[in-house]
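Notes follow the structure.
We did not get these values from a lab; they are worked out from the coordinates using the rules stated. Given the structure is predicted, the values throughout are model-derived calculations rather than measurements. Here Cβ is always computed from backbone atoms with ideal geometry, including for glycine, and neighbour counts include all displayed protein chains.
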Ligand code: PXP
């Protein structure tokens with residue numbers, strides 16, 4: 001593998017800059033300003049999740065991100081007709097389809113690809129025709145990954161939330177078992193010709209083993225980086241994450 005093929009991309013999720021903005025209903029802090037700062041600090045892409053309830057990112061943020069960014073936008077969304085129309089209107093570089101429940105605090109599980117295969121096939125085709133790279137956010141589960149390849153996704157993003165929760169709780173046995181599932185499933189997905197991404201809950205402490213999986217090409221990280229930015233600033237937080245990822249990759 002060449003050096004550039006081995007380089008792991010870092011996608012910075014800016015949703016929680018919008019969470020803080022919306023807490024006061026005003027215009028600051030501006031998530032687009034954070035995205036531009038992340039871009040100049042070395043992010044390889046920006047991720048933003050337009051939720052049905054618009055609790056953080058709003059429609060106007062997506063419009064402004066599309067106009068302002070020179071790095072790719074990964075538009076995260078649920079598989080609804082409303083989001084389909086918005087994605088087709090903007091045709092971002094990538095669309096990541098995630099499950100969404102109104103009452104959840106964050107994206108809790110992976111997408112149900114097996115059960116929803118027929119609908120997802122019809123949902124994905126126009127997005128690909130519009131030039132978007134379609135990714136499905138899935139648990140480390142072979143059946144869901146097989147189905148992702150069948151419905152026409154080009155990418156799977158493996159949900160690292162369970163691994164990170166076990167890591168934080170000090171449940172080492174469970175953490176290592178989930179890590180092994182993630183490792184096996186990144187190999188499995190790569191073997192099917194899917195590009196493998198990973199994300200959710202990653203921190204400086206939990207990222208190294210995931211960054212070391214050779215098949216993983218991109219990590220998407222948000223909440224922890226925005227929390228760190230309060231203490232060290234966003235460029236320093238991104239630089240440290242980049243360095244931890246690169247060290248793990250070597
Ligand atoms: N990837 C996906 C598909 C997500 O839904 C999220 C959370 O919005 C992330 C990555 C980033 O997770 P976190 O904010 O916990 O780093």
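Of these, 165, 176, which one is surrounded by fewer than 22 Cβ atoms within 10 Å (Cβ to Cβ), in contact (Cβ under 8 Å) with a residue 12 or more places away in the chain and at negative phi? Steps first, please.
On the way: 176 fails: in contact (Cβ under 8 Å) with a residue 12 or more places away in the chain.
When all the criteria are applied, what remains is 165.
Hand me the list of helices (runs of 4 or more DSSP H) wholly inside region 1-119 holding 2 or more residues that are closer than 30 Å to residue 246 by Cα. Give the derivation first.
Details: elements: 3-6, 15-24, 31-40, 59-68, 81-90.
Ranges flagged: 3-6, 15-24, 31-40, 59-68.
Tell me, please, whether a residue that is touching a helix residue (DSSP H, G or I) at 6+ places or on another chain (Cβ under 6 Å) and within 15 Å of the ligand (Cβ to nearest atom) can be found in region 115-132. Within region 115-132, not a single residue is touching a helix residue (DSSP H, G or I) at 6+ places or on another chain (Cβ under 6 Å) and within 15 Å of the ligand (Cβ to nearest atom). Scanning region 135-174 for residues that are outside any helix (DSSP H, G or I), under 18 Å from residue 201 (Cα atoms) and either out of contact with any helix residue (DSSP H, G or I) (no Cβ under 6 Å at 6 or more places or on another chain) or within 13 Å of the ligand (Cβ to nearest atom) (or both) returns 136, 137, 138, 139, 156, 157, 158, 159, 160, 170, 171.
Under 18 Å from the mean Cα position of the chain (by Cα) and in a helix (DSSP H, G or I): does that describe residue 237? Judged against the criteria, residue 237 is a match.
Based on what the data block shows, is residue 186 out of contact with any helix residue (DSSP H, G or I) (no Cβ under 8 Å at 6 or more places or on another chain), over 14 Å from residue 11 (Cβ atoms) and within 16 Å of the ligand (Cβ to nearest atom)?
Judged against the criteria, residue 186 is a match.
Taking the criterion of being within 13 Å of the ligand (Cβ to nearest atom) and in contact with a strand residue (DSSP E or B) (Cβ under 6 Å, 6 or more places away or on another chain), the only residue of region 15-37 that qualifies is 15. Restricting attention to region 227-250, the residues being surrounded by 15 or more Cβ atoms within 10 Å (Cβ to Cβ) and within 16 Å of the ligand (Cβ to nearest atom) number 9. Among the conditions (1) under 26 Å from residue 191 (Cα atoms); (2) touching a residue at least 40 places away in the same chain (Cβ under 8 Å); (3) out of contact with any strand residue (DSSP E or B) (no Cβ under 9 Å at 6 or more places or on another chain), residue 91 misses just one, which is (1). Scan region 207-226 for residues that are crowded, with 21+ Cβ neighbours inside 10 Å and assigned to a loop (DSSP other than H, G, I, E, B) and jot them down. Listed by number, the residues that qualify are 213, 222.
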